[in-house]
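Take a look at the structure set out below.
The values are calculated or read from the model by the stated rules, or taken from the named source; none is laboratory data. Computed from a predicted structure; not experimentally measured. Cβ placement follows ideal geometry from the backbone for every residue including glycine, while neighbour counts extend to all protein chains displayed. Accessible surface is based on the protein model in full, side chains and every heavy atom, while ligands, DNA and RNA are left aside. Shrake-Rupley method; radii C 1.70, N 1.55, O 1.52, S 1.80 Å.
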Amino acid sequence: MVDSQFDVIIIGAGVMGSSTAYQAAKRGLKTLLLEQFDFLHHRGSSHGESRTIRTTYLQPHYYPLVIQSFKLWKEAQAQVGYEVYFKAQHLDMGQFNDPTLRAVIENCHKHNIPHQLLNDQQVAEKFAGKINLPENWVGLTTEHGGILKPTKAVAMFQTLAYKNGAVLKDNTKVTDIKNDNAGVVVLTASGETFRGKKCVVTVGAWANKLLKRISGVEIPIQPIETHVCYWRIKQGHEGKFVIGGDFPTFASFGKVYVYGTPTLEFPGLIKVAVHGGRVCDPDKRPWGSVVMMNELKEWIEGRFGGIVDSSEPVVKQSCMYSMTPDEDFVIDFLGGEFGKNVVLGIGFSGHGFKMAPVIGKILSELVVDGETNEVDLKHFRIGRFQMASKI
């Protein structure tokens, strides 16, 4: 029998909710973590084999969050006793005059991020001919890169939350949240009711479905179905791309935003994918085809000089993004009748996973203190969408 009274109820047990549960429980809060599906399910944004971690952003407000997350990932690993972070260099590439790449370079200068700016020949030399850039392209390398293991990381945060006293409950779909004099009442599809002083909503692609029901608020977050693809490295070249060597995590700017990671999860395969996808209903997934597949194949053929088979990916995995119009997160109080009793951590737009440890810390601070010193929340407030309205 689950006790029905809590200091904080966290709805959604992906990486953000699980990280928040760990941080809240560690602070001594009586914490309940609810998940509508099985724990570690594959229907949202937090499953799979790898995510990139990098400091190179065009928006300056992400740099401190990523740097803090590097530290917090290592702390959590030490607590649980196994690794979810695997170090690598990171390489950004694109045309020298690409505005996104120029902004990334500018931020490296602004934050004193140690980096190297290399021309096409220097990139070929640094990575022993494994990466080929066109003549007018440049590469930006930093030591702050690597791979995170997503499903393992979510399990880690859930384990640490449990060890710190949190109650974890899956297959429990939340249907409504009501205001109450002492906080909030959380109603579920099974008829169970839970009471909490505060509530945190970290439901990913299901954000608008839940928020419209509880408050009528509709935030412009679009659920997107995206895919990651793994490509076969040609025989005799497999060792060149393995994590722990000199091959980096990478991102390529231009008409198509391509990203990828060294070989880790599938021996002999390299992950190369497009940042993008198609709008969908998360409860009626199309399980559709990969977007911009021809452009992706062309990119692989051009960059890897024929040593990666670009004819067809051998493994494809589907995942969800929760995209905001500006691709910045939503970290704020729901407001209205709920005031500061309901905290939102949503709209992570396909690039939030790496920052999950610090996001969990921020959300738990908003629950306890009503504010955070980790970041200026002006970039993440709901109000920015209303101000952009043309109505």
**Count of segment 66-86 residues which are aromatic (F, W, Y), closer than 13 Å to G146 by Cβ and either without any contact (Cβ under 8 Å) to a residue 24 or more places away in the chain or not in a helix (DSSP H, G or I) (or both)** = 2
**Prompt:** Which one of the conditions (1) within 30 Å of Q23 (Cβ to Cβ); (2) open to solvent by 20 Å² or more (accessible area, probe 1.4 Å) does N136 fail to meet, given that it meets all the rest?
**Reply:** (1)
**Prompt:** Looking only at strands (runs of 3 or more DSSP E) that fall completely inside segment 141-241, which ones have 2 or more residues that are at negative phi, open to solvent by less than 40 Å² (accessible area, probe 1.4 Å) and modelled with pLDDT of 95 or more?
**Reply:** 174-180, 183-188, 193-201, 222-232
**Message:** Just the residues that are of a type in the set (A, V, I, L, M, F, W, C), touching a Phe, Trp or Tyr at 6+ places or on another chain (Cβ under 9 Å) and surrounded by fewer than 24 Cβ atoms within 10 Å (Cβ to Cβ), please, taken from segment 356-374.
**Reply:** L366
**Asked** Does at least one position in segment 94-111 carry a residue that is in a strand (DSSP E or B), buried (at least 22 other Cβ atoms within 10 Å of the Cβ) and at pLDDT 95 or above?
**Response** yes
**Request:** Give segment 38-71 a look and list any residue that's farther than 18 Å from K361 by Cβ, open to solvent by 20 Å² or more (accessible area, probe 1.4 Å) and among the hydroxyl-bearing types (S, T, Y), or say none.
**Result:** S45, T52
**Sole exception among (1) open to solvent by 20 Å² or more (accessible area, probe 1.4 Å); (2) part of a strand (DSSP E or B); (3) aromatic (F, W, Y) for W287, by number** = (2)
**Complete:** Among the residues of segment 15-37, the number that are open to solvent by 20 Å² or more (accessible area, probe 1.4 Å) and either part of a loop (DSSP other than H, G, I, E, B) or hydroxyl-bearing (S, T, Y) (or both) is 6
**Message:** I need the full set of residues from segment 349-386 which are of a type in the set (S, T, N, Q) and in contact with a Ser or Thr (Cβ under 7 Å, 6 or more places away or on another chain), in order please.
**Reply:** S349, S364
**Prompt:** If you check K297, K271, which single one turns out to be open to solvent by 20 Å² or more (accessible area, probe 1.4 Å) and either modelled with pLDDT of 95 or more or part of a strand (DSSP E or B) (or both)?
**Reply:** K297
**Complete:** Note on segment 1-10: residues open to solvent by 10 Å² or more (accessible area, probe 1.4 Å) and not in a loop (DSSP other than H, G, I, E, B) are Q5, D7
